[in-house]
Amino acid sequence: MAPRRDPAFSLRHRRRWIHDAGIVSESGYLTNQLLIAMPSMADPNFSQSVALICDHSSHGALGLILNKPLPMRMGEIFEQLEISIAQGPLREREVLRGGPVQTDRGFVVHPAGGTWESTLKVSDAIHVTTSRDILAAMARGEGPTEAVVALGYAGWGEGQLEDEIRANAWLSAPVDSAIIFDLPFESRWEAAARLLGVELSRISAISGNA
């Protein structure tokens, strides 16, 4: 995957999350779609993955994988960021591996709402925030009740994602909020394909171009 500049908070530099303000989403392309790896996907970073495409334009694409949890809980992130939080289910929430690029950078995927320092509007319903203030609000019980936190992202250079789709590496489907926020991680890949009426278990893992 081609690295691209990303405006997310970081766990580097005394484990503090930082942000850039200049996030602009261009309309069209596959922004606000689910990207579903075909069974033939051999790259271990993306095998059996489903990703939210947060931004896609003529310059490339940025996505977050939604079904690959890290061996990390939210409590560890709050501790690294020196954010106080009481014991409770939020501390035990799993953190996702959003992709192989800049794995120290953080993203919070959440329903639209709230005013945060650095937010990308993926759609009218789904936003991605990359500033520390949303986590501080969540720790106080004032942030979004539904949220997915991911470290790292998937990036594609100019025309790269389009080439991979033409090579039958991916399917794309409309976003379903249940897949982002509700379903168990291990169910998301096949559930996303079912949005298209596709049963991935019936597709050969060695299939290629027709």
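Every read-out reported here was derived from the displayed coordinates using simple, explicitly stated rules and does not represent laboratory data. Keep in mind the model is a prediction, meaning the values are calculated, not measured. All Cβ positions, glycine included, derive from the backbone under ideal geometry; neighbour counts span all protein chains shown.
Things to note:
- Electrostatic bookkeeping for S201 treats Lys and Arg as +1 and Asp and Glu as -1; over the other residues with beta carbon under 15 Å from its beta carbon, the sum is 0.
- Per principal axis, descending, Cα span of the stretch 46-153 in whole Å: 43, 30, 19
- 5 angstrom amide H check on L96, placed H, neighbours 5+ away: L70, V149, A150, L151
- Computed as a quarter of the hull surface, the mean projected area of the alpha carbon convex hull for the stretch 74-210 stands at 9.8 nm².
- Among 84-93, 110-119, 185-194, the peptide with the highest mean count of other Cβ atoms within 10 Å heads the list, and the full ranking is 185-194, 110-119, 84-93.
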